[in-house]
Amino acid sequence: MLSGKRILLIIGGGIAAFKAQDLIRRLRERGAEVIPVLTKAAEEFVTPLSVSALAAQKVYRDLFDLTDEAEMGHIELSRSADLVVVAPATADLMAKMAGGLANDLASTLLLATDKRVLLAPAMNVRMWEHPATQRNLATLTADGVLIVGPDEGDMACGEYGPGRMSEPLAIVAAVEAALADGPLKGKHVLVTSGPTHEPIDPVRYIANRSSGAQGAAIARALAALGADVTFVTGPADVDPPSGVSVIRIQTAQEMLGAVEASLPADGAIFAAAVADWRMASASDSKIKKKNGKTPTLEFAENPDILATIAQMKAGRPQLVVGFAAETDDVIANATAKRERKGCDWIVANDVSPETGIMGGVENAVTVISNEGVESWPRLSKDQVAAKLAARIAEALS
Ligand code: C5P
């Protein structure tokens, strides 16, 4: 239910604007108050009169409408809402947001708001796939903007692919999730994820097979419980979840820097597969073959991020969770690791190739804490994440 919630709905100019009218109905059915804002282009697709009638509200259209400024300035308008929803979010609106432009009412509200923003993108498939739009999407996601969709399917322009605006009920579900007062509301949780890449020279690097799937699932599950999540990720195969603040790094040293810069945090979950070693000194130029002689790589040890944070004298997160990917003596090794690193819990798993866990969709974990050893059944990585997030919520309550 959304009763008592106030949603500022910015309708962009695209054929999907007609679906925004149904969205208004669906949000109001659930008790939300919807304040509609139309861009100039949106008025080509839906009329202010029909939007106003459906919302039972005045429609805001012009930045320089002085009556509105006297009644409610645009700053106030952007802040009095519980959530700002942009549906459809056009390529143009996304570009304006990513660039911080404020040259009409919609973009000004989006720049001035201090509330979460949820975008439902809708555009032609080529426009969606264009590197500029994908760049803007990455910027917006990193800024903590929430995204729902787009869906894949036939488009009004006759093409097929991703670009259709999500159906109104899917947007409503995303609105409800964004406004949910979960048990982790007000808590800041840091999650590291993915592999690190340690350069050998400008074109080669040391890496590992971590896909980042478990870390991304944990970040998503924590955000779904209302946490304010900072997601520090190496170059992973899976995309970061929406609704979290993303910091992308390459190396272990950069990951430590990003983690330290993101403190204080109530909880820190170290799911990343950090390279233990980097090159003692990476070559500035590509290492060349030298008539039959093989190069010798000299390593230096990387900082142990988990141990560094777990052993902080002041400002240590209340809950520090490490992972142990082992191939033998899983529980004994993980128990020793918990002691050595000084973390509160270790989530251990067997990553022997025959388990199919590394890079797969399932995981079988054992949680080791001061309360003992608890083995969970083999579950999907999403289910492991949900169970772990619920545990974290309990520990931080
Ligand atoms: O020592 P090991 O790599 O097995 O420990 C795994 C745990 O430690 C994981 O939680 C991983 O994210 C973390 N770790 C770290 N920094 C390192 C190595 C591992 O944070 N340099």
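Quick rundown of the values:
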{"read-out": "Rel. contact order, % - alpha carbon contacts under 8 angstrom, at least six apart, the range 1-179", "value": "23 percent"}
{"read-out": "Efficiency of FRET from Cβ geometry, Arg248 and Glu301, R₀ 22 Å, rounded to 0.05", "value": "0.40"}
{"read-out": "Taking N as its residue count, the alpha carbon Rg of the chain over 2.2 N^0.38 Å", "value": "1.12"}
{"read-out": "Local electrostatic count at Asp350 - Lys and Arg +1, Asp and Glu -1, tallied over other residues with Cβ under 13 Å", "value": "-4"}
{"read-out": "Approximate spin-label separation Asp328-Ala261, in nm, with each point projected 7 Å along Cα-to-Cβ", "value": "4.2 nm"}
{"read-out": "Highest average packing first - 39-47, 17-25, 84-92, 294-302, Cβ atoms within 10 Å", "value": "84-92, 17-25, 39-47, 294-302"}
{"read-out": "4 °C / 1.567 mPa s Stokes-Einstein diffusion coefficient of the range 182-397, Kirkwood radius on C-alpha pairs, µm²/s", "value": "73 µm²/s"}
{"read-out": "Entries in Lys115/Lys381; Lys19/Lys58; Lys115/Lys185 that, when Cα-Cα distance is taken, lie over 22 Å", "value": "Lys115/Lys381"}
{"read-out": "For Ala221, net neighbour charge (Lys/Arg +1, Asp/Glu -1) across residues whose Cβ lies under 11 Å away", "value": "+3"}
{"read-out": "Positive minus negative residues near Ser245 (Lys, Arg vs Asp, Glu; Cβ under 10 Å)", "value": "-2"}
{"read-out": "Calculated on alpha-carbon atoms, Rg and Dmax of the range 271-397 in Å", "value": "18.4, 64"}
{"read-out": "Ranked packing of 99-106, 227-234, most packed first, by mean Cβ within 10 Å", "value": "227-234, 99-106"}
{"read-out": "For the chain, calculated [θ]222 nm from helices alone, where every DSSP H run of n ≥ 4 adds -39500 (n - 2.57)", "value": "-10000 deg cm²/dmol"}
{"read-out": "Relative contact order of the chain, pairs being alpha-carbon contacts under 8 Å that are 6 or more residues apart, as %", "value": "11 percent"}
{"read-out": "log10 of Debye I(q)/I(0), alpha-carbon scatterers only, for the range 1-179 at 0.17 Å⁻¹", "value": "-1.03"}
{"read-out": "The range 291-334: translational diffusion in µm²/s, Stokes-Einstein, Kirkwood Rh over Cα pairs, 20 °C, 1.002 mPa s", "value": "150 µm²/s"}
{"read-out": "Debye-sum result for the range 160-219 in log10 I(q)/I(0), which assumes one identical scatterer on each alpha carbon, at q = 0.13, 0.14, 0.24 Å⁻¹", "value": "-0.69, -0.75, -1.02"}
{"read-out": "Residues Glu354, Glu339, sorted so that the one with the fewest Cβ neighbours within 10 Å comes first", "value": "Glu354, Glu339"}
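Since every read-out is calculated from the coordinates, none of them should be taken as a lab result. Worth saying up front: this structure is predicted, and the values here are computed from it rather than measured. All Cβ positions, even for glycine, are placed from backbone atoms using ideal geometry, and neighbour counts span all protein chains on display.
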